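The values are calculated or read from the model by the stated rules, or taken from the named source; none is laboratory data. The structure presented is a predicted model; accordingly, all values stated were derived computationally and were not measured. In this analysis, Cβ positions are derived from the backbone assuming ideal geometry, glycine residues included, and neighbour counts consider all displayed protein chains.
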Amino acid sequence: MKRISVFGSTGSIGVQTLEVIRNHRNAFRVVLLTANINNDLLFSQAIEFKPDSVCLVKGEFNSDQSLELKRQDIKIYYGRDDLINLASRSDIDIMLNALVGYFGMEPTITAIKSGVNIALSNKESMVMAGSLIDQLAKDNDVKILPVDSEHSAIWQCLTGEKINQVKRLILTGSGGPFRNRPIQTFSSIKIEEALKHPNWNMGAKITIDSATMMNKGLEVIEAKWLFNVESDQIDIVIHPQSIIHSMVEFSDGSIKAQMGKPDMRIPIQYALTYPDHLSSNYENFDFTSIDSLTFEKPDLEKFPCIKLAYQCIESGGSYPVVLNVANDHLVLAFLNRDITFNNIPEYLEEALTNHKFIDCPDLYSIEGITHWTEQFIKKKILR
């Protein structure tokens with residue numbers, strides 16, 4: 001039985017992770033759950049799954065909840081420092097990191113140093129510190145198990161293959177809610193429109209990233225580090241049906257594709273059960289229900305975030321850190337109605353242009369770059 005910790009258990013990926021575990025109770029034991037602020041949902045999850053510990057980063061459990069958790073011998077922790085300390089536990093087989101944004105990087109690194117395998121949904125970890133994490137994982141004999149549907153698809157396509165025979169990785173994307181919307185209307189995009197993803201049920205942050213297509217840009221950077229390839233070996237293809245989750249083309253011209261319904265529980269389950277494909281009760285895919293599978297090139301004029309991400313991966317160093325941190329804050333500002341949709345790529349480019357480049361940032365440097373970027377974006381928003 002695998003011992004699992006879920007960091008970010010009350011978000012979309014965290015909730016679906018617990019659904020997977022609920023369907024395979026004999027395979028997993030939940031030992032730790034963490035959440036940012038949703039004390040009610042974290043409490044109900046703790047009562048159901050009975051971890052030995054829970055951590056709430058912001059806010060507190062009410063008195064009744066605290067009493068009940070203590071009565072069931074569930075330890076309660078609060079705050080960011082406790083979250084990081086809990087990530088250092090070495091008695092866990094897999095940490096599923098579903099934290100949102102760059103706040104997920106430090107728990108990832110901390111867990112790796114403790115020899116814990118990582119089921120990684122927090123792509124920002126690899127975007128900001130891919131080189132460091134890659135080396136730490138090798139040094140500590142830790143597996144990074146991709147949870148994103150695209151990276152899970154590539155991972156499965158590469159099973160049994162030689163990486164030096166890979167010609168290119170092909171990341172697919174739905175194109176988001178604005179694939180067919182005229183660029184002239186982008187300045188009037190409303191939050192409610194941006195949150196209506198055509199295929200996937202996700203949290204607010206990743207849904208906005210899908211609307212700007214920054215999610216594809218971040219996925220390109222993550223793929224470089226996960227699969228040890230160069231940026232010119234990674235292509236993006238728009239696939240509105242979201243049936244083919246990604247593909248790998250080999251040097252002989254053959255292509256392998258991983259397919260299935262757009263259901264995040266499937267890649268989550270594979271990350272937790274690897275190398276096994278356990279049975280599930282999820283809806284089967286019916287090929288006869290699909291009229292066609294279509295593919296398009298991404299429109300870089302409408303979605304400049306993709307181009308910015310490629311520029312960052314080619315420039316390397318501190319550029320991906322600035323891209324990631326700035327995007328996190330700009331998405332939040334858009335959700336708070338402080339900026340427009342078009343301001344996201346505009347301010348991203350300004351932050352990248354104005355930052356002081358560092359060639360090989362260590363963790364200390366990443367903290368400094370993060371602080372600078374936060375202050376730069378804050379000034380742009382308040383201006």
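List of remarks:
- For region 94-119, residues that are in contact with a Lys or Arg (Cβ under 7 Å, 6 or more places away or on another chain) and at pLDDT 95 or above total 3.
- Test: residue in region 357-373 that is surrounded by fewer than 16 Cβ atoms within 10 Å (Cβ to Cβ), among the polar types (S, T, N, Q) and outside the structural domain of ILE208 (by TED's automatic domain parsing): yes
- Total residues in region 281-315 satisfying the condition of being out of contact with any helix residue (DSSP H, G or I) (no Cβ under 9 Å at 6 or more places or on another chain) and buried (at least 16 other Cβ atoms within 10 Å of the Cβ): the figure is 0.
- Residues of region 1-27 satisfying the condition of being of a type in the set (Ser, Thr, Tyr) and more than 17 Å from GLU48 (Cβ to Cβ): SER12
- Within region 243-257, the set of residues being surrounded by 21 or more Cβ atoms within 10 Å (Cβ to Cβ) and within 30 Å of ARG181 (Cβ to Cβ) comprises HIS245, SER246, MET247.
- In the condition set (1) free of Cβ contacts under 8 Å to residues at least 12 places away in the same chain; (2) not in a helix (DSSP H, G or I), CYS360 is compliant with all but (1).
- Among the residues of region 127-154, those identified as assigned to a loop (DSSP other than H, G, I, E, B) and surrounded by fewer than 23 Cβ atoms within 10 Å (Cβ to Cβ) are ASN140, ASP141, VAL142, LYS143.
- From the options ASN85, ASN97, residue that is farther than 20 Å from HIS371 by Cα, in contact with a Phe, Trp or Tyr (Cβ under 6 Å, 6 or more places away or on another chain) and in the same structural domain as ASP139 (by TED's automatic domain parsing): ASN97
- Complete set of residues in region 300-314 that are in a loop (DSSP other than H, G, I, E, B) and either closer than 14 Å to ASP235 by Cα or modelled with pLDDT under 95 (or both): LEU300
- With respect to the stated conditions, VAL331 is at pLDDT 95 or above and either closer than 18 Å to LEU195 by Cα or surrounded by fewer than 17 Cβ atoms within 10 Å (Cβ to Cβ) (or both).
- Looking across region 18-58, just one residue is small (Gly, Ala, Ser) and within 23 Å of the chain's Cα centre (by Cα), and that is ALA35.
- Failed item in (1) closer than 28 Å to ASP338 by Cα; (2) within 20 Å of the chain's Cα centre (by Cα); (3) assigned to a helix (DSSP H, G or I), with GLU193 passing the rest: (2)
- Scanning region 342-356 for residues that are out of contact with any helix residue (DSSP H, G or I) (no Cβ under 6 Å at 6 or more places or on another chain) and assigned to a loop (DSSP other than H, G, I, E, B) gives a single hit, LYS356.
- Where SER188 falls short, out of the listed (1) exposed (fewer than 14 other Cβ atoms within 10 Å of the Cβ); (2) small (Gly, Ala, Ser); (3) under 29 Å from ILE358 (Cβ atoms): (3)
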